[in-house]
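Everything below concerns the one structure shown next.
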Amino acid sequence: MMKQKLLPKPFAKLDHYCDRWCLPDTNARNSARVAASMVDIREFYDDMVGIASSALDYLAGKKLGELDGPDSNLLKLLLALAEVGPAVEWFGQPRVVDGYEETKFPQVLSLDDLAPQVSALSEVE
């Protein structure tokens with residue numbers, strides 16, 4: 001049986017992060033960050049920062065709403081990088097330093113991360 005392709009070929013070495021960090025939305029990414037250890041966050045951060053520029057260049061030629069599975073997963077990993085970045089760069093811990101409990105600030109508007117931006121915004125109006 002052939003292994004399912006989780007990420008585009010140039011980024012396949014990061015497939016092992018997909019189970020943990022290819023998440024459907026902001027709430028899931030926030031929960032994953034809060035639940036993760038700093039060791040796991042730092043490892044993911046370091047590996048992703050190393051490929052972020054080339055991943056953004058790769059995705060720049062694609063359209064939201066038309067991404068295939070591997071491309072969608074790559075975008076989700078980049079969104080997870082944006083979620084964990086402050087934990088590494090500012091907080092030194094998974095949670096916000098001197099912050100409130102995350103559940104006190106529920107997300108009230110959720111846009112589909114993979115939808116075309118124009119159609120996602122028109123749904124809000």
Among (1) among the small types (Gly, Ala, Ser); (2) out of contact with any helix residue (DSSP H, G or I) (no Cβ under 7 Å at 6 or more places or on another chain); (3) at pLDDT 95 or above, residue 55 falls short only on (2)
Looking at the stretch 40-50, is at least one residue surrounded by 15 or more Cβ atoms within 10 Å (Cβ to Cβ), among the aliphatic types (A, V, I, L, M), in contact with a Leu (Cβ under 6 Å, 6 or more places away or on another chain) and touching a residue at least 60 places away in the same chain (Cβ under 8 Å)? no
Hey, any hits in the stretch 83-101 for a residue that's under 14 Å from the mean Cα position of the chain (by Cα) and modelled with pLDDT of 90 or more? yes
Out of the residues in the stretch 6-19 meeting the condition of being surrounded by 14 or more Cβ atoms within 10 Å (Cβ to Cβ) and of a type outside the set (Ser, Thr, Tyr), tell me which one is nearest to the chain's Cα centre (by Cα). 18
Given the conditions (1) of a type in the set (A, V, I, L, M, F, W, C); (2) without any contact (Cβ under 8 Å) to a residue 60 or more places away in the chain; (3) within 28 Å of residue 94 (Cβ to Cβ), which single one is not true for residue 11? (2)
I'm trying to understand the selection: among the residues of the stretch 51-84, which are crowded, with 17+ Cβ neighbours inside 10 Å, under 17 Å from residue 116 (Cβ atoms) and of a type in the set (Asp, Glu)? 71
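The values are calculated or read from the model by the stated rules, or taken from the named source; none is laboratory data. Note that the structure is predicted; figures quoted are calculated from it, not measured. Ideal geometry is used to build each Cβ from the backbone, glycine not excepted, and the neighbour counts take in all protein chains shown.
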